[in-house]
Every structure is written in structure tokens, then in C-alpha cells.
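**Q** Here you go, one structure.
The values are calculated or read from the model by the stated rules, or taken from the named source; none is laboratory data. None of the values given here were measured: they were computed from a predicted structure. Cβ placement follows ideal geometry from the backbone for every residue including glycine, while neighbour counts extend to all protein chains displayed.
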Amino acid sequence: MLIVSIKNSLSKLVDLLNQISNSEYSNQCAALSNSTIGEHSRHIIEMFQCLENNYDSGIVNYDQRERNIRIQTDTDFAISQIGIIQNSLEKENKKMELQQIIDGEEIRVESSYLRELLYNLEHCIHHQALIKVAVLQNPAILVCENFGVARSTIEYREQCAQ
């Protein structure tokens, strides 16, 4: 179910990217503190890539992602990278170690592949919510009602509607 949810969330991002030009994708948005849809999309993509690239070693440090400018400026390239991610998610769960430098001190935390996938899904939804702020300013762009909304919120709303 987790893999399906990730693929669905990423597919919604692809649907959005298919509607905007590279100019709109790279345009700074005041409501996003002058960041761009492309920057938020790159961040989502590179977090998943970082996990994928470090699966074999079992040590993941999200601060050491590539930060590929092409992902944040070229929607077609971003879409192609999302497709690669969607096709590489299904891996055996295993122990992993999350590594980060905080205030100059290295922190290491035990984790697992599935836990990191869950983190990346929640992180993805958070950035999709920010992207939604930018795209709602353009009525020509159609976004799914649940784009950028946490699964728990969707389920809560469905319960309230009954």
C-alpha cells in the first residue's frame, strides 16, 4: 500500500507538471518566499533519489543530494526522473542508518527502507502543498483536490462527510 500511495502522489505531481511551461515551472513565486515550483519539485525528486542511491550502502544522508538544476528548470526532465523513481521503489525492506550533521555534530539514527519511504511520502505531500499555493494563482492549471493533502486528512474528511 505504501508503494501505491507514493506512486499515486508522484503521478499527481506529473499531472501538474504536464500542464505548465518551463517558464512557469522556474518562475519565482512571492507566496513561496520567492522559491519556484521547480525547486520544490526538485527537492521531492532528489530526496527519493538519495534514498535509492544509498539503498545498497544502507546509509542515507539527505543533505548530500545532488541538487541538479536541470530538474528544477526542465519539466520533461523532472517527469522522466519521477518515472525512474516510480519504477525503482519496490525493494526489500532492510535496516538503514540515517545520517545528518546538526550544529557541526554527526547524528546517526537507525531506520529502515520502508520507514524512509514513508518519510519521503510525507515530505513529498508537504512540498506538494507548497506547490499548490503557487499553482492556485493560475486558474488554467487543474490540480487534484487532494494534491498536497495528507492521507490522514483525506480519510478524516471522508469520515466527516458520511
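**Q** Need the failing condition index for Gln64 against (1) at pLDDT below 95; (2) within 15 Å of Ser11 (Cα to Cα), just the number.
**A** (2)
**Q** I would also like to ask the following. What are the residues in region 56-65 that are closer than 25 Å to Ser5 by Cβ and loosely packed, with under 13 Cβ neighbours inside 10 Å, if any?
**A** The one that is closer than 25 Å to Ser5 by Cβ and loosely packed, with under 13 Cβ neighbours inside 10 Å: Asp56.
**Q** Can you tell me which residue in region 113-155 is farthest from the chain's Cα centre (by Cα), limited to those that are among the acidic types (Asp, Glu) and under 19 Å from Ile45 (Cα atoms)? Spell out the reasoning first.
**A** Kept after step one, since they are among the acidic types (Asp, Glu), are these residues of region 113-155: 116, 122, 145, 155.
So of that shortlist, the ones also under 19 Å from Ile45 (Cα atoms) come out as 116, 122.
Details: Glu116: 12, Glu122: 8 Å.
In this case the residue turns out to be Glu116.
**Q** Out of Arg70, Arg115, report the one residue that is under 21 Å from Glu39 (Cβ atoms) and either part of a helix (DSSP H, G or I) or of a type in the set (A, V, I, L, M, F, W, C) (or both).
**A** On the way: Arg115 fails: under 21 Å from Glu39 (Cβ atoms).
Result of the check over Arg70, Arg115: Arg70.
**Q** What's the total number of residues in region 15-31 that are assigned to a helix (DSSP H, G or I) and either of a type in the set (S, T, N, Q) or surrounded by fewer than 17 Cβ atoms within 10 Å (Cβ to Cβ) (or both)?
**A** At the first step, the residues of region 15-31 found to be assigned to a helix (DSSP H, G or I) are 15-17, 22-26, 30-31.
So of that shortlist, the ones also either of a type in the set (S, T, N, Q) or surrounded by fewer than 17 Cβ atoms within 10 Å (Cβ to Cβ) (or both) come out as 15, 22-23, 26, 30-31.
Count: 6.
**Q** Let me ask you something else. For the list (1) in a strand (DSSP E or B); (2) in contact (Cβ under 8 Å) with a residue 60 or more places away in the chain, I need the number of the one condition that Ala78 fails.
**A** (1)
**Q** Okay, next question. What tally of residues in region 98-118 results from selecting those that are within 17 Å of Lys7 (Cα to Cα) and out of contact with any Asp or Glu (no Cβ under 8 Å at 6 or more places or on another chain)? Walk me through how you get there before you give the answer.
**A** In the first step, residues of region 98-118 are kept if they are within 17 Å of Lys7 (Cα to Cα); the result is 113-118.
If we keep only those that are out of contact with any Asp or Glu (no Cβ under 8 Å at 6 or more places or on another chain) as well, we get 114-118.
The number of residues fulfilling the criteria is 5.
**Q** When you look at Glu106, is it surrounded by fewer than 15 Cβ atoms within 10 Å (Cβ to Cβ), assigned to a strand (DSSP E or B) and out of contact with any Pro (no Cβ under 8 Å at 6 or more places or on another chain), yes or no?
**A** Yes; evaluated as a whole, the condition is true for this residue.
**Q** Another question about this same structure. Quickly run through region 7-46 and pick out the residues that are among the hydroxyl-bearing types (Ser, Thr, Tyr) and closer than 22 Å to Lys91 by Cα.
**A** Ser9, Ser11
**Q** Any residue at all in region 83-97 that is touching a strand residue (DSSP E or B) at 6+ places or on another chain (Cβ under 7 Å), hydroxyl-bearing (Ser, Thr, Tyr), within 18 Å of Ile3 (Cβ to Cβ) and in contact (Cβ under 8 Å) with a residue 24 or more places away in the chain?
**A** Of region 83-97, the ones touching a strand residue (DSSP E or B) at 6+ places or on another chain (Cβ under 7 Å) are 93-97.
With hydroxyl-bearing (Ser, Thr, Tyr) added as a condition, the list becomes none.
No, there is no match, as no residue in region 83-97 is touching a strand residue (DSSP E or B) at 6+ places or on another chain (Cβ under 7 Å), hydroxyl-bearing (Ser, Thr, Tyr), within 18 Å of Ile3 (Cβ to Cβ) and in contact (Cβ under 8 Å) with a residue 24 or more places away in the chain.
**Q** Of all residues in region 111-162 being surrounded by fewer than 18 Cβ atoms within 10 Å (Cβ to Cβ) and of a type in the set (Asp, Glu), which is farthest from Ser9 (Cα to Cα)?
**A** Among them, the one singled out is Glu158.
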